[in-house]
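**Student:** Okay, here's the structure, questions in a sec.
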Amino acid sequence: MGPIRESFIFEFLYCHLSLEASCSSVRILNIAFIPENLSWISFTLTAFFWIFVFINAALVGVLMLIWGERRLIGKFQARLGPNRWGPLGLFTPVADAIKVMFKEDIEPTLSDKLIYVLAPILMVVPVFMIFPVIPYGTKTFLTNISVGVVFVLAITSINSLSVLMAGWASGNRFAIIGGIRAVAMLLSYEIPMGISAAGVVIVAGSLSLSEVVNNQVIPNAIFQPLGFITFLIASTAELNRSPFDITEAESELVAGYMTDYSSMKFGLFYLGEFMATIASSAIIVTFYFSGWRGPSFIPSEIWFLAKWIGVIAIFIWFRATFPRLRIDQIMSLAWKGLFELSLINVLVLALMIAIWPDPSGIQLLIMTLINWVVFFLSIYIFGKILSPNLTGNKITKRSVVYGLD
């Protein structure tokens, strides 16, 4: 079994383990010791090593995100944020993780034991599968599958099953209501997110994530702003982040589907939420910000990392800025706004690609201009449709001031 030539990080380690003749040009140190006829051992060891690296990098990334988000929101709110444990409070998320591990694990008597335990595991494990398929650089990825776009969309939708399992298995009516409500929201936003991703596929002409990056002459965030905005908002809802974090609305649902979870089971839900934020940010960078592409004087991996941090900062900015929406507002935005906007984006892109199947530079600029005109018109029209009708709702200045309605 020969090395995977497209992935430099996989090939490099493989060739330093295997004595395969084709690896001689890649090998820097002469430390290979596994015979060529046992190449499957080299392949297995390389795979396990990179799985270990990706899993631990994701876990460290979650700790850094928790620290960075708390510090950044502290800046937004004119306060310090974590600053006691370690320099600049760097050890605070570590202390929190240790504290959660040693909390008492309380399990409801009426719970479905198997599903109750599997739900938090199902929230975390699938997210690990996203990171190996993301192209972090020209050859810095673990695997390049031909249906990468479909794969990441399928993986990100598994959390709906985990949420439903958690709410149902608890045997608590509040948890069940919270789970059903959260699943209704997640399913509603998966539709505009998938349609927006179809716009990315139309432009790239391929389902491969590497091809999506390579074919972005103009970043999709600029080329198709309507698709970018709908995908970003839908992703925020899928992550249960503010302003869509209805599970955190204690006055309505106590804690939603997580009401009866404690100790490390609750910690796994928390871990899955933050890990999904990191993974979704990487997907957005790949889909809409040209991935690793940038001026060649800076390594492609650095470009990807800078964009990645920038998108994560946008999610944090949302959390520090927008108030939480009600469930009726959330569902209205999905079905009366994002769904139609994503369809308009795909329709306009399909028509332009049909007219200019192989666009030149000037034609790309014309297509970009058309997309921006459609973007402003669509946002204006649907903003009017979704804005509160004060007269229709019979809300007057007197009723607002005196609380009569």
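The numbers here are math on the coordinates, done by the rules we state, and not lab data. These numbers were taken from a predicted model, which means no experiment stands behind them. As a convention, Cβ positions derive from the backbone with ideal geometry for all residues, glycine included, and neighbour counts pool all protein chains shown.
**Student:** With semi-axes √(5λ) of the Cα gyration tensor in Å in mind, check (1) 30, 26, 19; (2) 38, 31, 20; (3) 43, 24, 19 and report the label derived from this structure.
**Tutor:** (2)
**Student:** If each residue of separation counts as 0.36 nm, what is the full-extension length gain between THR143 and GLU107 once their alpha-carbon separation is subtracted?
**Tutor:** 9.0 nm
**Student:** Can you give the Kirkwood hydrodynamic radius of the stretch 103-323 from its Cα pairs, in Å with one decimal?
**Tutor:** 18.1 Å is the Kirkwood radius here.
**Student:** Could you check the simple spin-label distance between ILE121 and LEU369, using points 7 Å along Cα→Cβ, in nm with one decimal?
**Tutor:** Rounded to a tenth, the inter-label distance reads 5.8 nm.
**Student:** Taking 22 Å as R0, compute the FRET efficiency from the Cβ-Cβ separation of ILE385 and ILE314 and round it to 0.05.
**Tutor:** Plugging the Cβ-Cβ distance into 1/(1 + (r/R0)^6) gives 0.30.
**Student:** On to the next question. When the Cα centres of the stretch 102-129 and the stretch 314-385 are compared, how far apart do they sit, in Å?
**Tutor:** Computed from Cα coordinates, the inter-centre distance equals 37 Å.
**Student:** While we're on this one: Hey, quick one: spin label on ALA350, modelled 7 Å out along Cα-Cβ, who in the stretch 205-225 has an amide N within reach, i.e. under 19 Å?
**Tutor:** 205-207, 224-225
**Student:** So, one more: What ranking of ARG84, ARG319 emerges when the number of other C-beta atoms within 10 Å of each C-beta is taken as an exposure proxy, fewest first?
**Tutor:** So the ranking, lowest neighbour count to highest, is ARG84, ARG319.
**Student:** Among VAL346, VAL127, rank each residue by its count of other Cβ atoms within 10 Å, from fewest to most, as a rough exposure measure.
**Tutor:** Lowest count first: VAL346, VAL127.
**Student:** A further question on this structure: Is it possible to state the helix-based mean residue ellipticity at 222 nm for the chain, with each DSSP H run of 4+ residues giving -39500 (n - 2.57), the sum divided by total residues, to the nearest 500 deg cm²/dmol? What is it?
**Tutor:** -20500 deg cm²/dmol
**Student:** Where does each of LEU349, LEU364 land when they are ranked from fewest to most other beta-carbon atoms within 10 angstrom?
**Tutor:** LEU364, LEU349
**Student:** Residues of the stretch 159-175 with the amide nitrogen closer than 14 Å to a label point 7 Å from the Cα of LEU114, along Cα-to-Cβ, please.
**Tutor:** What the label zone holds, given the 14 Å backbone N cut-off, is 169.
**Student:** How much FRET efficiency would the formula 1/(1 + (r/R0)^6) give for ARG326 and ASN30, where r is the Cβ-Cβ distance and R0 is 56 Å, rounded to 0.05?
**Tutor:** 0.30
**Student:** Moving on to the next point. Using the alpha carbons of the stretch 8-47, what is the convex hull volume per residue in cubic angstrom, as a whole number?
**Tutor:** So the per-residue Cα hull volume is 56 Å³.
**Student:** Further, regarding this structure: How would you classify the stretch 232-389 from its alpha-carbon gyration tensor, with a ≥ b ≥ c the square roots of the eigenvalues: rounded for a/c under 1.5, else prolate if a/b is greater than b/c, otherwise oblate?
**Tutor:** It is oblate, given that a/c is not under 1.5 and a/b is not larger than b/c.
**Student:** So which residue, out of LYS99, LYS139, LYS307, gets the largest mean-square fluctuation from a GNM of the chain using Cα contacts under 10 Å as springs?
**Tutor:** Checking each option, the largest mean-square fluctuation is seen for LYS99.
**Student:** Pop out the ³J(HN,Hα) list for the stretch 162-177 in order, Karplus 6.51 cos²θ - 1.76 cosθ + 1.60 with θ = phi - 60°, rounded to Hz; leave Gly and Pro as x.
**Tutor:** These are the phi-based 3J(HN,Hα) values: 5, 4, 5, 4, 5, x, 6, 5, 5, x, 10, 4, 5, 5, 5, 4 Hz.
**Student:** Quick check: pseudo-label points 7 Å beyond the Cα along Cα→Cβ at SER157 and LEU377, how many nm apart are they?
**Tutor:** Placing both labels 7 Å beyond Cα along the Cβ direction yields 3.1 nm.
**Student:** Quickly rank 272-283, 148-159, 31-42, 376-387 as a protection proxy: mean count of other C-beta atoms within 10 Å, highest first.
**Tutor:** Taking the mean over residues of other Cβ atoms within 10 Å, the ranking is 272-283, 148-159, 31-42, 376-387.
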